[in-house]
Amino acid sequence: MRIFIFLHVATMFSAVAASLGPAYVLGRIGRHADVPTIRRAFALNQPLAAAIGPLFTGGAILGIVAVFTNGFDPLAPWLLIAYVLVAAATFTGITINGPWLRRVTSLSAESPDGAPSAELTATLNDPKMHAVDWFDRIVILVLIFDMVVKPFSCADAPPASRRRSPRPPASPPGR
């Protein structure tokens, strides 16, 4: 059932848009040191940030359903690569990105309007977050490559459940 492939892709695109788009915009806002804007932007992002986990989880579940309803080998190399990349992205999201967003939201609420506190400035300029930001972008690009190219696999061959048996040669006319 190819509908599950579509639902998986649509959900994952939504999850990526909800996570990377605001992360880019919030990072740009944070660099300008305008505390009221930082406060508002990060507060407005909270409902969207809360949707990121469920979107990625739903997309992963739909991906697993798509694997089995479309006859893909769940241990195909391209899927094993995808599992590792998703696990890495999930780990950084839970242990680094989420806590950083909550910390900036909290510190901006406590910071005076005129200038960011030293702690807020340090959090916004954390070099680890800049590295994680690039890591997330690279993981998404590698995942897209993996899903499209399906490296180390016979991607051109249809799944076993959809292979057709060869047709017998047609008889020439008049025989």
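The values are calculated or read from the model by the stated rules, or taken from the named source; none is laboratory data. What you see is a predicted model, and the numbers here were worked out from it, not measured in a lab. All Cβ positions, even for glycine, are placed from backbone atoms using ideal geometry, and neighbour counts span all protein chains on display.
Per-structure values
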{"item": "Condition check for PHE4: at pLDDT 95 or above and in contact with a Gly (Cβ under 9 Å, 6 or more places away or on another chain)", "result": "yes"}
{"item": "Condition check for THR57: in a helix (DSSP H, G or I), within 16 Å of ALA15 (Cβ to Cβ) and polar (S, T, N, Q)", "result": "yes"}
{"item": "Qualifying residue in region 40-63 (condition: crowded, with 18+ Cβ neighbours inside 10 Å, of a type in the set (Gly, Ala, Ser), closer than 30 Å to SER111 by Cβ and touching a residue at least 24 places away in the same chain (Cβ under 8 Å))", "result": "yes"}
{"item": "Flag if THR90 is under 16 Å from GLY30 (Cα atoms) and either at pLDDT below 95 or surrounded by 14 or more Cβ atoms within 10 Å (Cβ to Cβ) (or both)", "result": "no"}
{"item": "Hey, PHE6 surrounded by fewer than 12 Cβ atoms within 10 Å (Cβ to Cβ), without any contact (Cβ under 8 Å) to a residue 12 or more places away in the chain and under 20 Å from ILE140 (Cα atoms) or not", "result": "no"}
{"item": "Positions within region 95-129 being surrounded by 13 or more Cβ atoms within 10 Å (Cβ to Cβ), without any contact (Cβ under 8 Å) to a residue 60 or more places away in the chain and hydroxyl-bearing (Ser, Thr, Tyr), in sequence order", "result": "SER106, SER117, THR123"}
{"item": "Every residue from region 24-39 that is without any contact (Cβ under 8 Å) to a residue 24 or more places away in the chain and not in a helix (DSSP H, G or I)", "result": "HIS32, ASP34"}
{"item": "For VAL132: the one exception among (1) among the aliphatic types (A, V, I, L, M); (2) over 14 Å from SER19 (Cα atoms); (3) part of a helix (DSSP H, G or I)", "result": "(2)"}
{"item": "Exclusive hit being outside any helix (DSSP H, G or I), closer than 21 Å to ALA15 by Cβ and either small (Gly, Ala, Ser) or more than 19 Å from the chain's Cα centre (by Cα) (or both), set PHE72, PHE42", "result": "PHE72"}
{"item": "Identity of the residue in region 110-129, out of contact with any helix residue (DSSP H, G or I) (no Cβ under 6 Å at 6 or more places or on another chain), assigned to a helix (DSSP H, G or I) and among the hydrophobic types (A, V, I, L, M, F, W, C), that ends up farthest from ARG31 (Cα to Cα)", "result": "ALA118"}
{"item": "Scan of region 1-39 for residues that are of a type in the set (A, V, I, L, M, F, W, C) and within 13 Å of the chain's Cα centre (by Cα), ordered by number", "result": "VAL9, ALA10, MET12, PHE13, ALA15, VAL16, ALA17, ALA18, LEU20, ALA23"}
